[in-house]
1. If I stretch the segment between residue 233 and residue 105 completely, what's the gain in nm (0.36 nm per residue apart, minus their alpha carbon distance), one decimal?
2. Rolling a 1.4 angstrom probe over the protein heavy atoms, how many square angstrom per residue are accessible across region 4-86?
3. Could you work out the local net charge near residue 223, counting Lys and Arg as +1, Asp and Glu as -1, over the other residues with Cβ closer than 15 Å to its Cβ?
4. Only loop residues by DSSP count here, and only those with at most 10 other Cβ atoms within 10 Å; note down the chymotrypsin sites (Phe, Trp or Tyr not before Pro) in region 65-165 that meet that.
5. Quick one: with all protein chains in place, what share of the accessible area of region 197-253 is carbon or sulfur, to the nearest percent (1.4 Å probe)?
6. Find the accessible area per residue for region 141-225; the probe is 1.4 Å, ligands and nucleic acids are left out, and the unit is Å².
7. Along its three principal axes, how long is the chain when you only count alpha carbons? Whole Å, largest extent first please.
8. If we count every other residue with Cβ under 13 angstrom of residue 133's Cβ, Lys/Arg +1 and Asp/Glu -1, where does the sum land?
Amino acid sequence: GQTWSTFFNVGALPDVLDFVGPAGTIFNRQPMVRWSMGGLQLAVENPTTRLTNNDGVSTSYEDGNDNPDLVARYNGNFGSLAWSAAAIGRQLNYEQRPTNAIEGDSDDQFGYGLSFAGKWMLGKDDIRFMANYGDMLGRYMGLNTFNDGYIDDSGSIDTVDQWGGFIAYRHFWSDRWRCTFSISASGADNPSTSKFANANSLAKEYQSAHVNLNWLPAPKLSIGGELMWASKELEDGRDGDMSRVQFAVKYAF
């Protein structure tokens, strides 16, 4: 089986209707072996490398990763604040084979990621937050918001510094009405075209905002609506935005 990555503090995710939610959140499920003692969690997790090759195409490499992703996380409390600090170490690895008999380019590279997240209770209301940084956040952030790295013209793996985060406020108007406001952003320090020919087509920055309203007509029944706005900018300055209205009915049992 599999579960949420140890690097991801699920409890800090905002109470939004959209399944993934903020653009800058850590969001990843995979097979793992995890050891926990008190607030400390250590895990070895499934390694997968996702790179942009020198033709500008994204490719996932699941074979040839010699080392699992290593994660350490600590969960703590300070008054009404529940927080977590997590670190991940990864090995990126790829091998190209034009045919079964011919070996192409190959390389490996090591990198890291850091995440700090939490939930601060304000009576019944709460503030949730997350801040992420590293040179191999890659597939761990959003739904593969950015790739883990890219293959330069010499066939070597180069990593990209990436960041992401969000802050969200959940307010209870009454026992039956609540809403959440969330803003988020993520970005990548992409290479120049002199170093990577297809750099202009790489994603540079994402932003998202959510606002919703939920009604609880019965203790286990929730009916809600949400408005989401998001934008994306590429390295060459091209950008676009979108908006979405969602409705959901949930019965917990």
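The values are calculated or read from the model by the stated rules, or taken from the named source; none is laboratory data. In this text, all values refer to a predicted model and were calculated from it rather than measured experimentally. When we count neighbours, we look across all protein chains shown, and the Cβ atoms used for this are built from the backbone with ideal geometry, even at glycine. These area figures cover heavy atoms from the full protein model, side chains too; ligands, DNA and RNA do not enter into them. Shrake-Rupley method; radii C 1.70, N 1.55, O 1.52, S 1.80 Å.
1. That pair, residue 233 and residue 105, stretches by 43.0 nm at full extension.
2. Computed with neighbouring chains in place, this is 47 Å² per residue.
3. Local charge sum for residue 223: +1.
4. Those that pass, being in a loop and sparsely packed, number zero.
5. 59 percent
6. 45 Å²
7. 65, 46, 31
8. -3
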